[in-house]
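Derivation of every value follows stated rules applied to the coordinates shown; laboratory data play no part. Keep in mind it's a predicted model, so treat the numbers as computed, not measured. Positions of Cβ are backbone-derived with ideal geometry, glycine not excepted, and every protein chain shown enters the neighbour counts.
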Amino acid sequence: MLFNVAGLLKSSSGNKQLEIVDSTFDVLWCGDSCSVKGTVLLVRTDSGIWVSGKLQTCIPLQCGGCLKLFGQNLEIRIEEEYLPFKDLISGATIKIGDQEEVFRIDSDNLVDLTYAVREYSELAMPLAPRCERNCKGICSYCGTDLNKKSCLCTAGERDLRWGPILAPSETEKL
């Protein structure tokens, strides 16, 4: 997801460049790659390039109920400013200062959206992903996938080790 912004950096503030994204990125935590599609608008600012985009991706997740692997469709919106690494005219390195966590335009005047897409995708992931809206999960006693078949465990049976925690409190008895 590299975009050459040399021409945009030479132009005045407010100039725009629309780009179509159709690429892949690696999901580091699972070793898989995901496709990304959408559009991004690159706008020249007084200090760099503002990237604004709406992208669709499908990332691999593990269901929080039944532990099955599945693909989750995500829509992400990117709003970030990329600052140049070098001055286009003099070639001098531009110091950023205290802003360590900024996206940079590399020395070849390329904007690489890969890291931003990866970060925004991770932020968009659900905390407890479900493979289906009505996923029944697995039985906490025998481990049977309740989406495929029912188990013979007693539904109301409680684990005695949780006794004090599951016992009704004095206020609940009233």
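Here are the numbers for this structure:
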read-out: Selection from the range 133-145 of residues that are out of contact with any Gly (no Cβ under 6 Å at 6 or more places or on another chain) and in contact (Cβ under 8 Å) with a residue 60 or more places away in the chain; value: LYS136, ILE138, ASP145
read-out: Test: residue in the range 30-42 that is without any contact (Cβ under 8 Å) to a residue 24 or more places away in the chain and aliphatic (A, V, I, L, M); value: no
read-out: Which numbered condition ALA6 fails, given (1) crowded, with 17+ Cβ neighbours inside 10 Å; (2) over 24 Å from ALA124 (Cα atoms); (3) of a type in the set (A, V, I, L, M, F, W, C); value: (1)
read-out: Total residues in the range 124-143, condition in contact with a strand residue (DSSP E or B) (Cβ under 9 Å, 6 or more places away or on another chain) and aromatic (Phe, Trp, Tyr); value: 0
read-out: Filter result for LYS16 (within 19 Å of the chain's Cα centre (by Cα) and either surrounded by fewer than 17 Cβ atoms within 10 Å (Cβ to Cβ) or within 30 Å of PRO60 (Cβ to Cβ) (or both)); value: no
